[in-house]
1. State which helices in the chain qualify, where a helix is a whole DSSP H run, it must extend 27 Å or more along its own axis by its Cα atoms, and its mean Kyte-Doolittle hydropathy must be at least -1.0.
2. Can you put W121, W199, W148 in order of Cβ neighbours within 10 angstrom, beginning with the fewest?
3. Name the residue farthest towards the positive end of the dipole of the chain from the options N85, V45, I172, assuming +1 on Cβ of Lys and Arg, -1 on Cβ of Asp and Glu, about the Cα centre.
4. Stokes-Einstein diffusion coefficient for the chain at 37 °C in a medium of 0.692 mPa s, Rh from the Kirkwood formula over Cα pairs: what value in µm²/s?
5. Could you give the length gained on full extension between W34 and K97, defined as 0.36 nm per residue of separation minus the Cα-Cα distance, in nm?
6. For the range 129-136, in order, what is each residue's ³J(HN,Hα) by Karplus, 6.51 cos²θ - 1.76 cosθ + 1.60 with θ = phi - 60°, in whole Hz (x at glycine and Pro)?
7. Based only on other Cβ atoms within 10 Å, what is the fewest-to-most ordering of R74, R127?
8. Taking the dipole about the Cα centre of the range 99-176, with the C-beta of Lys and Arg at +1 and of Asp and Glu at -1, give me whichever of I144, H119, L155 is farthest to the positive side.
Amino acid sequence: MITHFKSLVNQAMRRTPGSPSFFKKKPPRFKAVWPQIDEVEGFLVKGQEKWLFDTARSLPRGASILEIGGFKGRSTTCLAYGCVNTDKQVFTIDKFKGVYADVADREDLKKVFDVDFFHHWQDNLKRNGLQDYAIPYIGDSRVIGREWTTPIHMLFIDGSHLFEDVMDDFSIFYPHVVPNGIVALHDVTPNWPGPYEAWHQHVKNELINVGKVTTLAYGQKPRAG
Ligand SMILES: C[S@@+](CC[C@H](N)C(=O)[O-])C[C@H]1O[C@@H](n2cnc3c(N)ncnc32)[C@H](O)[C@@H]1O
C-alpha cells in the first residue's frame with residue numbers, strides 16, 4: 001500500500017484552518033472546470049461527472065470521500081474539483097494495473113487495463129492542480145479495507161464489477177460510512193450484472209433517498225443504520 005506522504009504534508013500546510021487563505025476562496029463552478037475534466041480518459045456516462053462534482057461539493061467541511069476504482073482519474077478529478085479550497089479530500093483505491101476476472105472476456109477492455117496506468121492518474125490530477133486533494137492507495141480494495149479506519153462521507157464503488165467483489169467492497173466499507181453519508185455504485189445496468197444485482201438485491205435496501213444518474217445509482221445511509 002502506498003500513500004503519498006509528501007502530498008499529505010503539503011495538503012496539511014496549505015489547508016490549515018486559521019491560515020489566511022483557508023476557506024476564503026470557494027470551489028470552482030462545474031462549468032469552469034468541465035473542459036479540463038473532459039480531457040481525462042474514463043468510463044463515466046455524461047452527466048455523472050457533474051453529479052460527482054456537485055455531491056463532493058455538497059459534503060460538510062472535513063469530509064472524506066472514498067473512491068474504489070479511479071482508473072486514469074476521470075471520476076477522481078470530478079470529486080477532487082468539488083473539494084478545491086476546502087479541507088475535504090478524496091482517497092482513491094485502485095490496483096492501477098492488470099486485467100481482472102470481471103473484464104477477462106472483454107478484448108476491448110483487456111488492452112486498456114493490461115498496462116500500468118498509475119502515472120496517467122497522477123499526471124491528470126497534477127495537471128489540474130488537484131494533487132493535494134486526492135490521495136492514492138495502490139492495491140486490492142479488500143486488502144486495503146482490512147486496515148481502513150477513516151470515516152467516509154461519500155463512498156463511490158467502481159472497482160471490480162463481479163457481483164461478489166462489489167458486495168465485498170460494499171460490506172467492507174459501508175460500516176465506515178457516517179450516518180447521512182452518500183453511497184454510489186457505478187454501472188448499475190443489466191450490461192454489468194455484478195453492480196446491477198448488488199444494487200437491486202442488497203445495496204439499495206440499506207439506503208434512503210435513492211436515485212440514479214443514468215448508470216450511477218446512489219443513496220444515503222440512514223441515521224440509525
Ligand atoms: C471501470 S474502472 C474505473 C473507472 C473510473 N472510475 C473512471 O472514472 O473512469 C475500474 C477500476 O477498478 C480497478 N479495480 C478492479 N478490481 C479492483 C480491486 N479488487 N481493487 C482495486 N481496484 C480494482 C481497475 O484497475 C480499474 O482501474
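1. Going by DSSP H runs, there are no hits.
2. Result, fewest neighbours first: W148, W121, W199.
3. N85
4. 186
5. 20.0 nm
6. Once rounded to whole Hz, the list reads x, 10, 4, 7, 9, 10, 10, x.
7. Fewest-to-most Cβ neighbours within 10 Å comes out as R127, R74.
8. Of the options given, the answer is H119.
Any read-out appearing in this document is the output of simple, stated calculations on the displayed coordinates, not a laboratory observation. Computed from a prediction, not measured in an experiment: that's the story for all the values here. In this analysis, Cβ positions are derived from the backbone assuming ideal geometry, glycine residues included, and neighbour counts consider all displayed protein chains.
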